[in-house]
Amino acid sequence: MLKDIKAKDFLTIPNLLSLLRIILIAPFIIFFLQENYIAAAAVLIVSGLSDAFDGFIARTFNQVTQLGKMLDPIADKLTLIAIMVCITIFSPIVLPVMIVLIIKDVVMLIGGSRLVKTGIAPPAAKWYGKVGTFVFYVVVCLIVFLKAAFNYENDILSVTLLSISCAIMVFALVKYALVYISLLKKAGSESEPEVKE
């Protein structure tokens with residue numbers, strides 16, 4: 001529940017790492033648009049590592065918070081959207097794949113917003129969501145690295161890799177949708193008054 005969020009939750013290491021990922025979006029975009037691909041990839045690697053460690057730290061040191069459950073996916077979505085826009089500018093042929101990914105993220109944001117409006121905190125990121133995010137980071141870093149280090153561009157390779165990433169993310173979307181539906185049904189059943197005989 002939103003009322004369970006406390007001011008001190010902002011100071012936990014996992015939540016600070018999620019905030020760091022949001023902050024890193026700006027330098028990534030700047031470096032990418034300036035065609036400083038190595039620096040952009042370095043920022044993306046730091047972002048990806050922080051994403052990998054925040055959940056581990058939260059579980060290991062008992063720092064799981066309601067704020068973190070919302071902040072982590074928000075950081076993921078904002079970062080992914082920024083990457084998708086930059087990659088589309090970099091290689092317009094991947095636009096159809098990016099549209100699918102954007103629709104997926106928008107649907108998840110709408111679903112999360114609906115949960116919040118009904119007083120339910122969105123679920124923490126699941127393993128399939130993390131796998132999808134990790135694969136996407138790897139694919140993007142590979143595409144950027146090939147151009148930065150070897151000046152190699154191959155639209156077919158880019159679309160193929162992004163399509164694989166897209167398929168994994170769509171799978172994650174379906175799994176999350178099932179979780180959201182379950183939470184909404186549970187909330188609905190709990191709010192129904194008991195019928196006295």
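Things to note:
- Any chance Val97 is assigned to a helix (DSSP H, G or I), open to solvent by 30 Å² or more (accessible area, probe 1.4 Å) and over 21 Å from Leu17 (Cα atoms): no
- Index of the failed condition, Ile102 passing every other in (1) closer than 26 Å to Leu146 by Cα; (2) outside any helix (DSSP H, G or I): (2)
- Residue pairs meeting the criteria (Cβ under 7 Å; at least 6 apart or on separate chains; first open to solvent by less than 20 Å² (accessible area, probe 1.4 Å), in region 41-67; second modelled with pLDDT under 80 and among the polar types (S, T, N, Q)): Asp51/Thr133
- So Ile29, is it at pLDDT 90 or above and exposed (fewer than 14 other Cβ atoms within 10 Å of the Cβ): no
- When we screen Ala125, Ala75, Ala121 for residues that are assigned to a helix (DSSP H, G or I) and either at pLDDT below 75 or crowded, with 21+ Cβ neighbours inside 10 Å (or both), the only hit is Ala75.
- Condition met for Val107 (touching a residue at least 24 places away in the same chain (Cβ under 8 Å) and either part of a loop (DSSP other than H, G, I, E, B) or under 22 Å from Ile30 (Cα atoms) (or both)): no
- Any hit, region 101-120, residues being of a type in the set (S, T, N, Q) and within 28 Å of Ile57 (Cβ to Cβ): yes
- Unique match (being over 19 Å from Leu44 (Cα atoms), among the aliphatic types (A, V, I, L, M) and open to solvent by 60 Å² or more (accessible area, probe 1.4 Å)) among Ala177, Ala167: Ala167
- Filtered residues of region 132-164 (kept if β-branched (Val, Ile, Thr), open to solvent by 60 Å² or more (accessible area, probe 1.4 Å) and over 15 Å from Leu44 (Cβ atoms)): Ile156, Thr160, Ile164
- Qualifying residue in region 134-155 (condition: of a type in the set (Phe, Trp, Tyr) and out of contact with any helix residue (DSSP H, G or I) (no Cβ under 8 Å at 6 or more places or on another chain)): yes
- Tally, over region 79-94, of residues that are touching a residue at least 40 places away in the same chain (Cβ under 8 Å) and open to solvent by 80 Å² or more (accessible area, probe 1.4 Å): 2
The values are calculated or read from the model by the stated rules, or taken from the named source; none is laboratory data. Given the structure is predicted, the values throughout are model-derived calculations rather than measurements. Here Cβ is always computed from backbone atoms with ideal geometry, including for glycine, and neighbour counts include all displayed protein chains. Note: areas computed on protein heavy atoms with side chains; ligands, DNA, RNA excluded. Shrake-Rupley method; radii C 1.70, N 1.55, O 1.52, S 1.80 Å.
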